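In what follows, a single structure is set out as structure tokens and then discussed.
The values are calculated or read from the model by the stated rules, or taken from the named source; none is laboratory data. Note that this is a predicted model, so its numbers are computed, not measured. Heads up, the Cβs are rebuilt from the backbone with ideal geometry, glycines too, and the neighbour counts pull from every protein chain shown. Each accessible area value is taken on the protein alone, full model and side chains, heavy atoms only, with ligands, DNA and RNA left out. Shrake-Rupley method; radii C 1.70, N 1.55, O 1.52, S 1.80 Å.
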Amino acid sequence: MKEEKTKNKKNDKNKVIIFDTTLRDGEQSPGFSMNIDEKLHFTSQLIKLGVDVIEAGFPIASQGDFDAVQRIAKASKGVIIAGLARANDKDVDTAWDAIKQAERPRIHTFISSSDIHIIHQFKKDRPTVLKEAVAAVARAKSYTKDVEFSPMDASRSDKDYLIQMISAVIDAGATTVNIPDTVGYAIPSEFYDLIRYIFDNVKNVDKAVISVHCHNDLGLAVANALAAVQAGARQIECTVNGIGERAGNTSLEEVVMAIRTRKDLYNVFTDINTNQILATSKLLTHITGVSVQPNKAIVGANAFAHESGIHQDGLLKNAFTYEIMKPEDVGIAKSTLVLGKHSGRHAVVDRLKKLGYKLSQEELDRFFKYFKDLADKKKEIFDEDLEVIIWESIYKEEGRYMVSNVQISTGMFSPPMAMVTIKDKTLNSEDKFDVAHGNGGVDAGVKAVMEITDTKARIESFNLVAITGGSDALAEVSVTVVEEYDGKQLTAFGNGINIDVSIAGILSFVDALNKLEYMKKKNGNNR
Ligand code: KIV
Ligand code: ZN
């Protein structure tokens, strides 16, 4: 049933066959090699993605390549498995040996068609190469009906010789003829013309699918492949994340999403399950350890992340204002609005609402002053930063406790003692004081504060830095304080600065207690 569906679509003149060569052209580039298990794992993801052809490797290249292609061929159902072979008997026979157990095997054989390669690399002549091309296709055809032929360096070949070669290999049985821009030299208008020239001049062109294989040396692989589709090509050879020789190949995700997003223009389709795109890209990254750049189209971390204020404002009103594709279509849960210095009020207010804050106009003004200051120093503002800004800009002055005095006495032979006086705003700012002993001034002071505030909070970490130099240095203490509240654990950070280390410690503890009070209030009221 599935086979039928694929066949029907394959016959549809508007279907573009997606030929994935990540495991062959992609894998042969430095840093992207995979072991057999990894190749098998990746193959099953390519099948989920819905590619039509998987070029599993170049079986003559090494025993490892042969084994991998053979295992993939045996294990993969529904999809065409191609093995690459140069145009000679040994390569073709080896490729066949490796793929013959596939449900749908394809031999892909190639030879150069440009004089640059024929004369300077292979020291041959055009008639010899033509004969070898035809012989390789005929031999492949004796094994399988599905034979692909590539005239390597086609984009730099003499056009009439190319036409002669394409006609001859189709006569010999090639069912797909792939036109490679091997060195990434072509530009889109020129590549379009080349494909049109083939359609107009190869007499038996209707007997084969015309395919393209573009390299990205000038950053034009995707553009060239799309131009070829407009000229009539119906197979694209591509790789996940665009990996491949040198600057890589046509990127599968980019070409597929361009065809889908601009179907108004191309009027063709692929059978790719686009919602598997991100998972496939991530799997490849995971296997090879090579990540894509953040601004990579479709699968980069920033591909659906918006920071500019104007864009965020538009997106919140209607996603199509600045998003030509839906993130869910490529398997991304949703677009992200990155808060930073370019963000406008609308996006920030929206995030605050989601966090449970409804601020008045005057509170928002105070909030934004802090927000902009922080965004100038920090690239990305996270939810935790927003909470701190809210605290600093709005609630800090409303903190429940205010330290009005601390007196510490300590000596080598007398136990440290602290007397702390605190105003509690919930008790009409009445002064309350306590005296406590401890293991050092901070410990004594914290104990006194705990008595006064009757808190169950405890210090989890204590950090001290001298902010200025010399014996009169200002000390800054940061503490992390936790408290169980309403079945949850609340955590607050406190800061205190004083010329005396012990006093800085006590101030930081009270600062953290104020934040805990604020969190408790917010839990009850705001959310
Ligand atoms: O780039 C190229 O020409 C190739 C061929 C083997 C198709 O990879
Ligand atoms: Zn290539």
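Taking the listed residues D146, D160, the one that is closer than 24 Å to P105 by Cβ and more than 16 Å from ligand 2 (Cβ to nearest atom) is D146, with no other qualifying. Taking the range 109-121 as the range and being within 14 Å of ligand 1 (Cβ to nearest atom) and either open to solvent by 40 Å² or more (accessible area, probe 1.4 Å) or basic (K, R) (or both) as the test, the residues that pass are I116, Q121. Filtering the range 1-37 to residues that are of a type in the set (D, E) and either modelled with pLDDT of 90 or more or not in a loop (DSSP other than H, G, I, E, B) (or both) leaves E3, E4, D20, D25, E27, D37. Among residues of the range 307-324 that are free of Cβ contacts under 8 Å to residues at least 12 places away in the same chain and outside the structural domain of R351 (by TED's automatic domain parsing), those with a beta-carbon under 6 Å from a residue that is assigned to a helix (DSSP H, G or I) and open to solvent by 50 Å² or more (accessible area, probe 1.4 Å) at least six positions away or on a different chain give the pairs G314/T321. For the range 255-278, the criterion of being within 16 Å of ligand 2 (Cβ to nearest atom) and closer than 20 Å to F19 by Cβ is met by at least one residue.
Return yes when K159 is assigned by TED's automatic domain parsing to the domain that holds T21, open to solvent by 10 Å² or more (accessible area, probe 1.4 Å) and touching a Leu at 6+ places or on another chain (Cβ under 8 Å) and no when it is not. When the stated conditions are applied, K159 passes them. Each residue in the range 471-489 was checked for being more than 30 Å from M412 (Cβ to Cβ) and part of a strand (DSSP E or B), and 8 pass. Which members of the range 174-198 meet the condition of being in a helix (DSSP H, G or I) and either within 16 Å of ligand 2 (Cβ to nearest atom) or open to solvent by 60 Å² or more (accessible area, probe 1.4 Å) (or both)? Of everything in the range 174-198, those that are in a helix (DSSP H, G or I) and either within 16 Å of ligand 2 (Cβ to nearest atom) or open to solvent by 60 Å² or more (accessible area, probe 1.4 Å) (or both) turn out to be S189, E190, F191, Y192, D193, R196, Y197.
Across the range 48-86, what is the total count of residues that are touching a strand residue (DSSP E or B) at 6+ places or on another chain (Cβ under 6 Å) and more than 16 Å from Q28 (Cβ to Cβ)? Residues in the range 48-86 being touching a strand residue (DSSP E or B) at 6+ places or on another chain (Cβ under 6 Å) and more than 16 Å from Q28 (Cβ to Cβ): 7 in total.
Listed here are the residues, each with its yes/no results for (1) modelled with pLDDT of 95 or more; (2) open to solvent by less than 40 Å² (accessible area, probe 1.4 Å); (3) under 28 Å from I36 (Cβ atoms).
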site: V268; (1), (2), (3): yes, yes, no
site: L283; (1), (2), (3): no, yes, yes
site: T288; (1), (2), (3): no, yes, yes
site: S291; (1), (2), (3): no, no, yes
site: E307; (1), (2), (3): no, no, no
site: L316; (1), (2), (3): no, no, no
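Identify, please: which residue in the range 432-470 is assigned to a loop (DSSP other than H, G, I, E, B) and charged (D, E, K, R) and is, among those, least open to solvent (accessible area, probe 1.4 Å)? Among those residues, the one meeting the criterion is D454. In a residue-by-residue description of the range 231-252, the property of being crowded, with 24+ Cβ neighbours inside 10 Å, more than 16 Å from ligand 2 (Cβ to nearest atom) and in a helix (DSSP H, G or I) applies to no position. Restricting the first member to the range 106-127 and to residues that are closer than 18 Å to I179 by Cβ, and the second to residues that are open to solvent by 70 Å² or more (accessible area, probe 1.4 Å) and in a strand (DSSP E or B), the beta-carbon pairs closer than 8 Å and six or more apart or on different chains are T109/R86; F110/R86; I111/R86. Against the test of being within 16 Å of ligand 2 (Cβ to nearest atom), open to solvent by less than 10 Å² (accessible area, probe 1.4 Å), at pLDDT 95 or above and of a type in the set (G, A, S), the options A68, A82, A87, A98 yield a single qualifying residue, A82. State yes or no: is R106 of a type in the set (D, E, K, R), at pLDDT 95 or above, open to solvent by 10 Å² or more (accessible area, probe 1.4 Å) and in contact with a strand residue (DSSP E or B) (Cβ under 7 Å, 6 or more places away or on another chain)? In short, no. Listed by first and then second residue, the pairs linking a residue in the range 58-69 that is assigned to a helix (DSSP H, G or I) to a residue that is hydroxyl-bearing (S, T, Y), with Cβ atoms under 6 Å apart and 6 or more places separating them unless they lie on different chains, are P59/T94; I60/T94. Applying the criterion of at least 3 residues that are among the polar types (S, T, N, Q) to the strands (runs of 3 or more DSSP E) found wholly in the range 77-173 leaves an empty list.
The conditions of being touching a Ser or Thr at 6+ places or on another chain (Cβ under 8 Å) and at pLDDT 80 or above are met by A297.
Based on this model, can you work out whether N204 counts as within 30 Å of D153 (Cβ to Cβ) and within 16 Å of ligand 2 (Cβ to nearest atom)? No: the conditions fail for N204. Comparison of V222, V212 shows that the only residue that is under 23 Å from I80 (Cβ atoms), open to solvent by less than 50 Å² (accessible area, probe 1.4 Å) and away from ligand 2 (no atom under 14 Å from the Cβ) is V222.
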